[in-house]
Amino acid sequence: MPRILAIDYGNKRTGIAVTDELQIIASGLTTIPSETVISFLKDYFSKEKVSTVLIGEPKQMNGLPSESTPVIEKFVATFSSEFPEMKVIRVDERFTSKMAFQTMIDSGLSKKQRQNKGLVDEIAATILLQDFLTRKMI
């Protein structure tokens, strides 16, 4: 069975998470500079079967698009033109960064380790993906 991949795209960094081949468990894959996402994915897709890509959709508390929406929309357009055969699902990413930070605290990471913003992005992508898997199974 092909994997599902989640992308938490940001201006500077992008967190990426992926499922196992049975699409049961979400795991953080990496955090990379945002300008390298497309080349990273080309390489990854050449090695691994991926059926679906989740891309975070930033929203404000009231449900309206956030100020980072234009940047994400531009990335989605580029992604779709580079990988037209790939199924893309947009998912609400509200609170994922806060949940990621709380996960780091709950895991006992030191203050210095919690300052690693790349790790926050990777955990946020994992949360997006695990939430999607949970809802899919209900």
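The values are calculated or read from the model by the stated rules, or taken from the named source; none is laboratory data. Keep in mind it's a predicted model, so treat the numbers as computed, not measured. So basically every Cβ, Gly included, is an ideal-geometry build from the backbone, and we count neighbours across all protein chains shown.
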Within segment 110-130, restricting to residues that are more than 14 Å from residue 33 (Cα to Cα) and of a type in the set (Gly, Ala, Ser), the one that is modelled with the lowest pLDDT is 110
If we scan segment 95-104, do we find a residue that is modelled with pLDDT of 85 or more and within 16 Å of residue 57 (Cα to Cα)?
no
Extreme residue, surrounded by the most Cβ atoms within 10 Å (Cβ to Cβ), among residues of segment 5-47 that are in contact with a strand residue (DSSP E or B) (Cβ under 8 Å, 6 or more places away or on another chain) and over 16 Å from residue 122 (Cβ atoms):
23
Could you list, in sequence order, all residues of segment 34-51 that are assigned to a strand (DSSP E or B) and touching a helix residue (DSSP H, G or I) at 6+ places or on another chain (Cβ under 9 Å)?
50
May I ask you to list the residues in segment 10-32 that are closer than 13 Å to residue 75 by Cα and not charged (D, E, K, R)?
10, 11, 14
Looking at residue 72, is it assigned to a helix (DSSP H, G or I) and touching a helix residue (DSSP H, G or I) at 6+ places or on another chain (Cβ under 6 Å)?
no
The condition of being in contact with a strand residue (DSSP E or B) (Cβ under 8 Å, 6 or more places away or on another chain), over 25 Å from residue 20 (Cβ atoms), surrounded by fewer than 15 Cβ atoms within 10 Å (Cβ to Cβ) and at pLDDT 80 or above holds, among 80, 51, only for 80
Pull out all pairs, ordered by first then second residue, where Cβ-Cβ is under 7 Å, the residues are six or more apart or on different chains, the first lies in segment 38-65 and is free of Cβ contacts under 8 Å to residues at least 12 places away in the same chain and at negative phi, and the second is part of a strand (DSSP E or B) and not acidic (Asp, Glu).
65/59
